[in-house]
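Taken together, the values in this text are just the output of simple stated rules run on the coordinates, not laboratory data. Nothing here was measured: the structure is a model prediction, and the numbers come from that model. Neighbour counts run over all protein chains shown; Cβ positions are idealised from the backbone, glycine included.
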Amino acid sequence: MTAHRTLTAAGISLAYGDRTIVDTLDLTVPAGKVTAIVGANACGKSTLLKAMARLLPPRAGQVLLDGKDIHRMPTKQVARDLGLLPQSPIAPEGIAVSDLVSRGRTPHHGPLARWTPADDKAVAEALEATDIVAIADRPVDELSGGQRQRVWIAMALAQQTDVLLLDEPTTFLDVSHQIDVLDLLTDLNRSRGTTIVMVLHDLNLAARYADHLVAMSAGRIFASGAPEQVLTAETVHEVFGLDSRVIPDPLTGRPLVLPIGRHHVPARLDGAVS
Amino acid sequence: MLVTSILVIAVAATYLVSLMVGQSFYSPAEVWGVITGQLVPGASFTVGELRLPRSTVGLLAGACFGIGGAVFQTMLRNPLASPDIIGINAGASAAAVVGIVFLSLDQTPVAILATVGALVTALSIYLLAFKDGGAGARFILIGIGVAAIFNSVVAYVLSRAAEWDLQAAMRWITGNLNGASWNEAVPLAVAVVIGVPVILWLSRDLELMRLGDDTAAALGVPVERRRVMLIIAAVTLLAFATAAAGPISFVAFLAGPIAARMLGPVGSPVLVAGLFGALLVLVADFVGQYLLGLRLPVGVVTGVLGAPYLIFLLIRSSRSGGTL
């Protein structure tokens, strides 16, 4: 177990040019837990994650890592505590899996970097944890989407940060690979105590895998807390403009959202907010 | 390592051959005598005053073009992002011909003016393209437009040039090593000695930028700052090389992708691209001087080699869905 870093956003406003995306938002990420951020398209959830990862300087407010403003800390120092898996990372043509995963060690190297046994160990552990040892020598661009996502997660693992931010890590994956990736992140959280913050599209998977759920709407946090408290039919209506019924998941007891569209639902439910 | 060693040997061999072979032949011993400062009849002038500065300018300028090209192409993750395509060489040339024709400046002030011109061009494209966090494709498209503007500036200035300025100014259109002397070689060597170590120091971060700007930042690279530093260092090398030898076409454009292919996906292509650029210019100049029956400027030879490759890249990129 590592000493947990705390990550908070204090009154941050984020904008691209004149367009304000997030307006004076406060967020405390529970240390050592899995947090999922959900919300409609363009609600600012990815923008918020970018600011938390130091990629986007806020117009106002601060992002604090252990109480220090991350936009005033050296990039490299932040990179030792805070990992990020962007939505569409780019693999150089022909790069081998193990070479790509090794890049994760960069923040731990000084200006005259020497590859150390500790680096080897971290990379080996990352390959092991993501179950990609068998494909370590293959070129990344020949892999399937699910395998490729594992490789990128392995790179972030090799970075050995206390906090890991992921922007829609399950997008473009089929359902079995989505579960696969989320299980892997849960393993990581449980075995190493890594704090995980991810933007997710699928409400039901977010409710199942997150300890802490943040629902965003139009650049603000609409609700946050335990999935059972946050994910109600009212939240779904307010955040997504969608009618639904929310029932306890028969497998886990977590909330399960059943959307109500205009078709294929009994007439008495049509348009109801239950 | 192997690729680098082979290229070092090839560059050294070509350099030596270019010193030995010409209208008259001198042995390696005679060439060495000239380099170490002895008086060798005939060779002291032919090698010491003609071939040595010419080959040295060719070698250094080729290396600068190769390195500068690889920096831009790697940073923007696109082989079309070469400084000779996105208007940086054209910016240097425009500033230089204005200096020669309208301001009647000498070699060194012209070189400095060209450097300023290239830097202003590069930073303007950068500011226009990266206004909101930016994208590589926009950088290239803006750059192509800027290149067109500066090329017409060059054409206009030359149309107004007095006859005695024309020869000096013409060098800024086609890369040419004719008449290269120590006046060109020395400032270029100084720029190389200062600029190349800076770029090699930055090349580790440059390599991480191949993973995308967000991933590079997540791995601890201060992307914005590195990008500005890389642009300044690369543009300075390019401008000094252009000042010494003119914008030798397509060397920057060819060296990066070929270096990346030789090297594979791991490692920074900067050093290999520099060696390849040096080799390309030395060989092309040799071919242009002695093998074609008529003397052609080196830029014509590299242009003939580079143009088909540009067409190939454009066809390939339009097939793969039109993204640059």
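Need the full-extension length gain, B:TRP164 to B:LEU127, defined as separation in residues times 0.36 nm minus the C-alpha distance. One decimal, nm.
Length gained, B:TRP164 through B:LEU127: 9.5 nm.
Across all Cα atoms of chain B, the radius of gyration (one decimal) and Dmax (whole number) stand at 19.4, 63 Å.
Spread over its residues, the convex hull of the C-alpha atoms of segment A:195-252 is 86 Å³ per residue. Highest GNM mean-square fluctuation, chain B, Cα pairs closer than 10 Å: which of B:ALA92, B:ALA216, B:ALA81? Fluctuation is largest for B:ALA216.
Arranged from fewest to most other beta-carbon atoms within 10 Å of their beta carbon, A:VAL163, B:VAL221 become A:VAL163, B:VAL221. Partner aspartates and glutamates whose Cα lies under 19 Å from the Cα of A:LYS121, excluding those fewer than 8 positions away in the same chain, are identified as A:ASP81, A:ASP99, A:ASP131, A:ASP137, A:ASP162, A:ASP187.
Calculate log10 I(q)/I(0) of chain A for q = 0.12, 0.14, 0.17 Å⁻¹, where I(q) comes from the Debye formula with a single equal point scatterer on each Cα and nothing for solvent. Normalising to I(0) and taking log10 leaves -0.77, -1.02, -1.38. Applying 1/(1 + (r/R0)^6) with r as the Cβ-Cβ distance of A:ASP141 and A:ASP183 and R0 = 25 angstrom yields a FRET efficiency of 0.50.
By the count of other C-beta atoms within 10 Å, a proxy for reagent exposure, A:ILE132, B:ILE88, B:ILE173 are ordered fewest to most as B:ILE173, A:ILE132, B:ILE88.
Please compute the volume of the convex hull spanned by the alpha-carbon atoms of segment B:110-240 and report it per residue in Å³.
117
Among B:PHE139, B:PHE250, A:PHE240, the ranking by other beta carbons within 10 Å of each residue's beta carbon, starting with the fewest, stands as A:PHE240, B:PHE139, B:PHE250.
Using a simple spin-label model with pseudo-atoms 7 Å out from Cα toward Cβ, A:ALA60 and A:GLU238 lie 2.2 nm apart.
Loop only by DSSP, 13 or fewer other Cβ within 10 Å of the Cβ. Give me the trypsin sites (Lys or Arg not before Pro) in segment A:108-201 that pass, ordered by residue number.
Taking segment A:108-201 and a limit of 13 other Cβ atoms within 10 Å, the loop trypsin sites (Lys or Arg not before Pro) found are A:ARG114.
Each residue, B:VAL21 and B:ASP106, gets one label point 7 Å from its Cα in the Cβ direction; the gap between the two is 3.7 nm.
I want to make sure I understand the PRE zone here: with the label point 7 angstrom from the Cα of A:ASP120 toward its beta carbon, which residues in segment B:260-275 have backbone N atoms less than 19 Å away? Within reach of a label on A:ASP120: no residues.
Residues of segment A:154-171 with the amide nitrogen closer than 19 Å to a label point 7 Å from the Cα of A:VAL133, along Cα-to-Cβ, please. Residues passing the 19 Å test: A:154-159. Between the beta carbons of B:LEU141 and A:HIS71, assuming R0 = 30 Å, the FRET efficiency works out to 0.45 to the nearest 0.05.
Short-range pairs are left out: with C-alpha atoms under 8 Å and at least six residues apart, the relative contact order of chain A is 23 percent. Label positions at A:ARG220 and B:GLU49, each projected 7 Å from the Cα along the C-beta direction, are separated by 8.3 nm. Ellipsoid fit via the Cα gyration tensor, segment B:241-324: semi-axes of 25, 17, 11 Å, each the root of five times an eigenvalue, largest first.
What are the membrane-span-like helices in chain B by this rule: whole DSSP H runs, Cα extent along the axis at least 15 Å, mean Kyte-Doolittle hydropathy at least -1.0? The qualifying helices are B:2-20, B:52-75, B:107-129, B:136-159, B:182-209, B:223-245, B:251-263, B:270-286, B:298-319.
Across segment B:127-254, the mean sequence separation of Cα contacts (distance under 8 Å, 6 or more residues apart), normalised by length, yields a relative contact order of 31 percent.
Straight-distance candidates among the lysines for linking to A:LYS68, with alpha-carbon spacing under 27 Å and chain neighbours fewer than 8 residues away dropped: A:LYS33, A:LYS45, A:LYS50, A:LYS76. In the frame of its principal axes, the protein assembly as shown has Cα extents of 102, 54, 45 Å, reported largest first. Under a Gaussian network description of chain B, with springs only between Cα atoms under 10 Å, the residue in B:SER181, B:SER44, B:SER159 that fluctuates furthest is B:SER159.
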